[in-house]
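Below is one structure, written out as C-alpha cells; comments come after it.
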Amino acid sequence: MTALVTLEGVTFTYPGADRPALVDVSLELAAGDVLVVTGESGAGASTLLLVATGLAPRVVGGRLTGARRIEARRCGVVFARPWTQLTGLCPTVRDEIAFGPASQGLPREAVLAAAERAMERLHIAHLAGREPAQLSGGELQRVVVAAVLAVEPEVLGLDDPAAELDPEAADALYDLLPAIAAAGTAIVVATPDLERAARVATRAVALEAGRIVARGAPADVLGGTEVAGIARAAGCPPPFPLDVPALLRRVSR
Amino acid sequence: MSGCDVRVVGVRYAYGEQEALRGIDLAIGAGEQVALIGPNGAGKTTLTRLLVALRRPSAGRVTVGDWDVAGKRPDEMARRVGYAFQHADQQLFARSVEDDVGFGPRCLGRATAPVQDVLGELGLRPVSGLHPYDVPAPVRKLVALAGVLVMEPCVLVLDEPTAGLDRAQRERVVAALRRRAAGGVTVLAVSHDLGFVAEMADRVVVMRDGRIAEDRAARELLYDRGALAALGLRPPPAVEIGLALGLTGQPVRAEEAIAALKGSRWRERQL
C-alpha cells in the first residue's frame with residue numbers, strides 16, 4: 001500500500017515556543033489506516049494531526065525539521081472546537097457543508113449531491129435549513145465533520161471529534177470511521193476517549209512530551225482506558241483488558 | 001460554603017421560532033449532586049444559562065436560595081452560582097493562568113481566596129505562570145473551572161466539565177467536586193460522560209426536546225438497562241462490569257467496582 005503521508009524523524013516547534021511540540025517522530029499513513037494518537041494533554045497528539053495533514057507549519061507557522069512527504073491530494077482536519085472552523089459566510093447548514101465542494105469548482109449538481117451525502121452520513125439532514133450559529137455544540141460538531149467529509153479527503157485528521165457529542169452521536173461517528181477508511185482514506189484520530197478509539201483503531205501510537213513512546217496494535221498501546229484502570233487496581237496481571245468484554249474473559253469467579 | 005436550593009418553575013425559552021425549553025419544573029435541594037444529561041439540542045445548556053441570568057425565560061420563574069433570578073444581573077448571580085462554560089475560551093482573558101484564576105476574588109476584594117489551593121487541586125501549578133492560550137485546550141478547561149471554584153460559590157453549574165479531558169484530569173475534577181459536595185455545595189453538571197456522571201451524581205435528570213424526560217436516583221437509572229437503551233446510552237464501565245458479573249452492591253463508581261472485583265482470580269491473556 002502506498003503511503004499517503006510519511007514522516008521521518010520529524011521535529012516541529014511552534015512559533016515562539018522554547019521547546020518542540022513533536023520530537024523525532026516517524027510514521028506512515030496509508031489508505032485504510034485508522035491510527036489513534038493518544039497521550040496526556042500537551043503530549044503532542046493534536047500537533048501530530050496538524051503536521052500529518054500539512055497545516056503545520058504552512059498555516060500555523062513554526063519550524064519543521066526532518067523529512068515529511070504528503071502524497072495525498074486532499075487532507076481534511078476536524079478541530080476539537082467546531083465553531084472555529086465555520087466559514088461564517090453561510091446562512092444554512094446545507095450551504096456550510098456545500099462550501100468545500102463548491103470551492104473545488106465542481107458543477108452545482110455535484111456540489112449539492114456531495115453535501116446531501118455528507119449530511120446523510122452524519123444523520124443531520126433535519127438540520128439542513130438551520131443557521132449554523134443557532135446550533136448546539138454537538139449539532140455543530142456533526143456539521144463540521146460532514147463539511148470535511150464532503151470534500152472527500154484522502155487523509156482525514158480528527159481532533160477529539162466526539163468531545164461535544166452525546167454518546168449516541170459519538171458512537172455513530174466512530175462507527176463511520178472504518179467504512180471511510182476502507183473506501184481509501186487514511187484516518188488519524190487524536191483523542192482521550194480511548195474506549196471508543198479502541199473499537200475502531202487499526203493501529204495506535206502513544207506520545208509523551210512530543211515523542212512516540214509506544215506504537216502497535218491498539219490493545220498493546222491504549223492501556224489507559226477506564227476498564228484497564230479498574231482491572232489493574234483490582235489485581236489483574238498485565239496486559240490489562242481495554243474494555244468490559246475483554247475484562248470478563250480474564251476474570252473467573 | 002454550604003449550598004443553596006435551586007427551583008425552576010414552569011420555565012419556557014425560545015430562540016426565535018425554535019422553542020428550546022417547553023415547560024421545565026425542577027427542584028434541586030441544597031447540597032444535592034445532580035447530573036443533567038440528554039441528546040444534543042435537548043435544551044440542557046439553555047436551562048443552565050437561565051440559572052445565572054445569562055438568558056431570561058419567556059415564561060416561568062427561577063430561584064436560587066432566596067434570590068429570584070429575574071431581579072438579578074449575571075455579575076450578581078456570580079456571587080452565589082459559579083458557572084463553567086462548555087467552552088472554556090469564553091471565560092479566560094487574563095495574561096497568566098494564576099491571574100485568570102484569581103480574577104473573580106480580586107474583583108470582589110477577597111484577599112484570602114484559595115487561589116494556590118485550587119491551582120494545586122486541579123494540577124495547574126506547573127502552568128500557573130503561562131498565558132491561558134499557551135496551554136492545551138483541556139488544560140484551559142481546568143483553568144476556567146479553577147476560576148469558578150476559587151469563588152467558593154454555594155451552587156456550581158458546570159457545562160460538560162470533563163469533555164476533552166484525559167483520565168488523570170477527569171479524576172482531578174471528580175475529586176474537586178467531591179470535596180465541594182462534602183462541604184454541602186450544590187452541583188448541577190451537564191454531561192455526556194456517563195462515567196463521570198456515575199462518579200459525581202446522586203441524581204440524574206434527563207432532558208429531551210426541551211422537556212424533562214426522566215428524573216431518578218443515579219444508581220437506579222444506571223442499572224436500568226431498558227431506560228438507558230431508550231436514551232441511546234451504554235452503562236458506564238463499572239455498571240457494565242457489575243451487571244455482567246452480578247456484583248453485589250450495584251457498583252457505579254470505579255472504586256466500587258474495584259472493591260467488588262478484588263480477590264477475583266484472573267486468567268492470563270490468551271494470545
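Values in this text are rule-based calculations from the coordinates and carry no lab data. For clarity, every value in this text was computed on a predicted model and none was experimentally measured. Here the Cβ positions follow ideal geometry from the backbone for every residue, glycine too, while neighbour counts run over all protein chains shown.
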*For the protein assembly as shown, give the share of DSSP beta bridges that are antiparallel, in percent and rounded to the nearest 5; count only bridges with both residues there.*
55
*Given the C-alpha centroids of region A:187-229 and region B:109-185, what is the distance between them in whole angstrom?*
26
*Calculate how steeply helix A:93-103 sits against the longest principal axis of the alpha-carbon atoms of chain A, using the helix alpha-carbon long axis, and give the answer as 0 to 90 degrees to the nearest 10.*
80
*Using the charge dipole of region B:155-271 (Lys, Arg: +1 at Cβ; Asp, Glu: -1 at Cβ; taken about the Cα centre), state which of B:248, B:206, B:157 has its Cα farthest towards the positive end.*
B:248
*Can you work out D for region A:1-46 in µm² s⁻¹ from Stokes-Einstein, where Rh is the Kirkwood radius over C-alpha pairs, the temperature is 37 °C and the viscosity is 0.692 mPa s?*
271
*Normalised by the residues of chain B, what does the relative contact order come to in percent, with Cα pairs under 8 Å and at least six apart?*
23
*Mind sorting A:55, A:135 by how few other Cβ atoms lie within 10 Å of their own Cβ, fewest first?*
A:55, A:135
*Stokes-Einstein at 37 °C, 0.692 mPa s, Kirkwood radius from Cα pairs: D for chain A in µm² s⁻¹?*
173
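Calculate the dipole size of region B:1-49 relative to its Cα centre from +1 charges on Lys and Arg beta carbons and -1 charges on Asp and Glu beta carbons; express the result in debye to the nearest 20.
Working: 5 positive and 5 negative charges, 15 e Å.
For region B:1-49, the charge dipole is close to 80 debye.
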*Given the convex hull of the Cα atoms of region B:75-175, what is a quarter of its surface area in nm²?*
5.8
*asked:* Treating only the Cα positions of region B:97-151 as identical point scatterers, give the base-10 log of I(q)/I(0) from the Debye formula at each q in 0.25 Å⁻¹.
replied: -0.91
*Using θ = phi - 60° and the Karplus curve 6.51 cos²θ - 1.76 cosθ + 1.60, what whole-Hz ³J(HN,Hα) does each residue of region B:158-173 get, with Gly and Pro shown as x?*
10, 9, 6, x, 10, 4, x, 7, 7, 4, 5, 5, 5, 5, 5, 5
*How large is ³J(HN,Hα), in whole Hz, for each residue of region B:220-236 in order, when computed from phi with the Karplus curve 6.51 cos²θ - 1.76 cosθ + 1.60 and θ = phi - 60°, using x for Gly and Pro?*
5, 5, 5, 9, 9, 4, x, 5, 5, 4, 5, 8, x, 10, 9, x, x
*For the residue pair residue B:106 and residue A:71, what label-to-label distance in nm results when each label sits 7 Å from Cα along the Cα-to-beta-carbon direction?*
5.4
*So what J values fall out for region A:224-240 if you push phi through Karplus, 6.51 cos²θ - 1.76 cosθ + 1.60 with θ = phi - 60°, rounded to Hz, Gly and Pro as x?*
x, 6, 4, 5, 4, x, 5, 4, 4, 5, 8, x, 5, x, x, x, 7
*Computed over the Cα atoms, what is the radius of gyration of region A:86-143 divided by 2.2 N^0.38 Å, N being its residue count?*
1.04
*asked:* How large is the convex hull of the C-alpha atoms of region A:22-90 per residue, in Å³?
replied: 133
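Normalised by the number of residues in region A:77-210, what is the relative contact order in percent for Cα pairs under 8 Å and 6+ residues apart?
Result for region A:77-210 is 28 percent.
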*In whole Å, what three semi-axes, largest first, describe the equivalent ellipsoid of the protein assembly as shown built from its Cα gyration tensor (square root of 5 times each eigenvalue)?*
35, 29, 25
_Test of understanding: ordering B:262, B:72 by Cβ neighbours within 10 Å, fewest first, what list do you get?_
B:262, B:72
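Which of B:77, B:200 has the fewest other C-beta atoms within 10 Å, and how do the rest follow up to the most? Please list the in-between numbers first.
Numbers: B:77 22, B:200 26.
Final ranking by Cβ density, sparse to dense: B:77, B:200.
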*Surface/4 of the Cα convex hull for chain B, nm²*: 16.8
*Is region B:142-250 best put as rounded, prolate or oblate by its Cα gyration tensor, with a ≥ b ≥ c the root eigenvalues, rounded for a/c under 1.5, and otherwise prolate when a/b is larger than b/c, oblate when not?*
prolate
